[in-house]
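None of the figures in this text is laboratory data; all of them are computed from the coordinates on show. Everything numeric here is computed off the predicted structure, so don't read it as measured data. As a convention, Cβ positions derive from the backbone with ideal geometry for all residues, glycine included, and neighbour counts pool all protein chains shown.
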Amino acid sequence: MEGPKIAERWWFEGKVAILRYVNKVQGGGWCNNVTTCLSRTKTRLGSSKLMDKEIAFSGILSRFQKFNPDFYNWNRIKVRYCDGASFTGDVAAVNPATNLHFRGARVWRAIIEDLLSKGMKDAKNAILSGCSAGGLTSILHCDSFRSLVPVGAKVKCLADAGYFINANDVFGAQHIQEFYSQVVATHGSAKNLPSSCTSKIRPGLCFFPQNIAQQIQIPIFFVNAAYDSWQVSSL
């Protein structure tokens, strides 16, 4: 949230994988107002200065065949999560008092352009994946990701624990609905959410996968636990 800096870590496998890329976006929740967003600037979720210099590649990003038989020899990229709105924000003005940049969508485009310049422009296969808030990123950006990679490439998306539901909390209040509406308003996200959704309902509701999943054109696979600990505790 300190500005549009490149925030990804990658492992390029050389000639054997030059045409195959798997991108995974980190999770980390969202911030819904100046106060909560400002607090994130003091963590790795809001400042590239505080991000770990080295991070482990595991699961779908593992380089070991026995743990990741399908993608161990692909080019694997982990995208750091830094904007607090699943890379949808785009507010031109910067508050001089806080220096907050709500420009996650610009960061997203900069990351993809950087990866294209490093070889992804020649990709024959590309996967966009993510976990939690990163999983929501892969849902919200699935179709637009298709438009950013080579026309002939096979593109698929994978959302791990990114299917957040619109449900009342235990007190009957619409907490998560109001929270997402505040996220969208704070970050100016409406313009970067799928128009197939925002043309029909309020932009804040388009943060819920249930309202956009059927309109996604690119093949997408959803992975969600029966009981999501964050959703159980937050609803």
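Given a Förster distance of 25 angstrom, what is the FRET efficiency for Asn95 paired with Glu178, based on the Cβ-Cβ distance and rounded to 0.05? Please list the in-between numbers first.
Values: r = 23 Å, r/R0 = 0.91.
Once the sixth-power term is evaluated, E becomes 0.65.
With N set to the number of residues, divide the alpha-carbon radius of gyration of region 36-129 by 2.2 N^0.38 Å and report two decimals.
Values: Rg = 16.0 Å, N = 94, 2.2 N^0.38 = 12.4 Å.
Against the empirical 2.2 N^0.38 Å value, I get 1.29 for region 36-129.
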Ala225-Lys154 FRET efficiency (beta carbon distance; Förster radius 45 Å; 0.05 resolution)
0.95
Along its principal axes, what span do the Cα atoms of region 80-194 show, with the longest given first and each in whole Å?
50, 37, 21
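If exposed chymotrypsin sites (Phe, Trp or Tyr not before Pro) are those in a DSSP loop with at most 12 other Cβ within 10 Å, what is the longest stretch of the chain that has none? Don't skip to the end; give the middle numbers.
On the way: sites that count: Phe64, Phe67, Phe171, Tyr227.
Value returned for the longest uninterrupted segment is 68-170.
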Interchain or long-range residues, amide H under 5 Å from Lys154's placed H
Asn125, Ala126
Report D for region 85-147 in µm² per second (integer): Stokes-Einstein, Kirkwood Rh on Cα pairs, 20 °C, 1.002 mPa s.
165 µm²/s
Select one label from (i) 21.7; (ii) 20.6; (iii) 18.1: the one whose number is Kirkwood radius over Cα pairs in Å as derived from the coordinates shown.
(iii)
Using the basic label-point model (7 angstrom from Cα toward the beta carbon), what is the Asp52 to Phe67 distance in nanometres?
1.2 nm
Do the sum for the chain: with -39,500 (n - 2.57) for every DSSP H run of n ≥ 4, divided by all residues, what is the mean residue ellipticity at 222 nm, to the nearest 500 deg cm²/dmol?
-7000 deg cm²/dmol
